[in-house]
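The values are calculated or read from the model by the stated rules, or taken from the named source; none is laboratory data. Model, not experiment: these values are computed from the prediction. Cβ sites come from the backbone with ideal geometry, for glycine too, and all protein chains shown count toward neighbours.
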Amino acid sequence: MSELRVILALARNDFSYFFRTKWLMAVLLSLHLSDMLVVALVYERMMTFDYFTYFVPAVIIMGLFAASMDTGRRIWLALREGVIQYELSLPVSTLGLVIAYLLAGGSAALVYSGSLMAIALIVLPTNAIWSLLILLPFLFVLAMGLAGIAATLAAIASTHGEFFFAFQNVVQVALLVLSTVYYPVEVIQNYLPSFLITVIRANPLSLAAEALRQYAFAGISIEPSHLLSLLLASVPFTMVGAVAYLSALRKFQVDGKL
């Protein structure tokens, strides 16, 4: 069996594991549907602009984020429960194993966010379905980048397992708060210093949410520079995650333990 086939088999197995975890799917879907159909409608009455139209596309990105970050939990469990020993015994390199997890994380996140996107298209019809299709590859790259963040946390926490979920929650809160997911940057800049506004604008979650709002749902013509910015903001996370997880695996191979 070639290494590529093993990589794809491992990615398929991890991909299916995400959707076999029924309790996780139920919790995630209930949270995101409540955000989309309850929170957005309630806040709509409190805002001076059309918050429902603003927030529904952001829920799709929040779903992509949550599903991508679950990659870290699966990697952490593989490291802690001995699954990694079996996977390292397969005819696959450590780099191939890392690629398999990142591919699975990106794919699972894209499929999961796709279910939210289908609901969003019902409650908030799109004006440019082709723009939405064009955005999908870039959202996949973003999902892999977020999976890379999750892999980094799993690698860091591999020797401090009790801190993994704390690390994950801190990163999730930081990335979501320092973004335009909840509020427009024009509102945020009235309360935060300029250097944080720069961070918020460069946050890949902000870039992805704005891309969905403007290009898919508002029907504005796609700006290649925006997509390039999204790509450049996502790829470094993938690379850092791959290096961190690869280092953890090589340490495991040398020491026989984490």
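See the values below:
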item: Odd one out for Thr53, checked against (1) more than 24 Å from Val243 (Cβ to Cβ); (2) at pLDDT 90 or above; result: (2)
item: When residues of region 195-240 are limited to those that are small (Gly, Ala, Ser) and touching a Leu at 6+ places or on another chain (Cβ under 8 Å), the one surrounded by the most Cβ atoms within 10 Å (Cβ to Cβ); result: Ala208
item: Number of positions in region 77-88 that are touching a residue at least 40 places away in the same chain (Cβ under 8 Å) and of a type outside the set (A, V, I, L, M, F, W, C); result: 2
item: Condition met for Met117 (of a type in the set (A, V, I, L, M), closer than 28 Å to Gln214 by Cβ and modelled with pLDDT under 80); result: no
item: Selection within region 166-200 - closer than 18 Å to Leu146 by Cβ and not in a helix (DSSP H, G or I); result: Leu178, Ser179, Thr180, Val181, Tyr182
item: Ser229 being part of a helix (DSSP H, G or I) and in contact (Cβ under 8 Å) with a residue 60 or more places away in the chain; result: no
item: In region 40-59, the residues that are β-branched (Val, Ile, Thr) and surrounded by fewer than 17 Cβ atoms within 10 Å (Cβ to Cβ); result: Val42, Thr48, Thr53
item: Region 32-76, subset without any contact (Cβ under 8 Å) to a residue 12 or more places away in the chain and in a helix (DSSP H, G or I), residue nearest to the chain's Cα centre (by Cα); result: Ser34
item: Count of region 132-172 residues which are at pLDDT below 85 and either among the hydroxyl-bearing types (Ser, Thr, Tyr) or touching an Asp or Glu at 6+ places or on another chain (Cβ under 9 Å) (or both); result: 3
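Okay, residues lined up against (1) assigned to a helix (DSSP H, G or I); (2) under 13 Å from the mean Cα position of the chain (by Cα); (3) among the hydroxyl-bearing types (Ser, Thr, Tyr); (4) buried (at least 20 other Cβ atoms within 10 Å of the Cβ):
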| position | (1), (2), (3), (4) |
| --- | --- |
| Val92 | no, no, no, yes |
| Gly96 | yes, no, no, no |
| Leu102 | yes, yes, no, yes |
| Ala108 | yes, yes, no, yes |
| Ile122 | yes, no, no, no |
| Leu133 | yes, no, no, no |
| Ala143 | yes, yes, no, yes |
| Leu146 | yes, yes, no, yes |
| Ala154 | yes, no, no, yes |
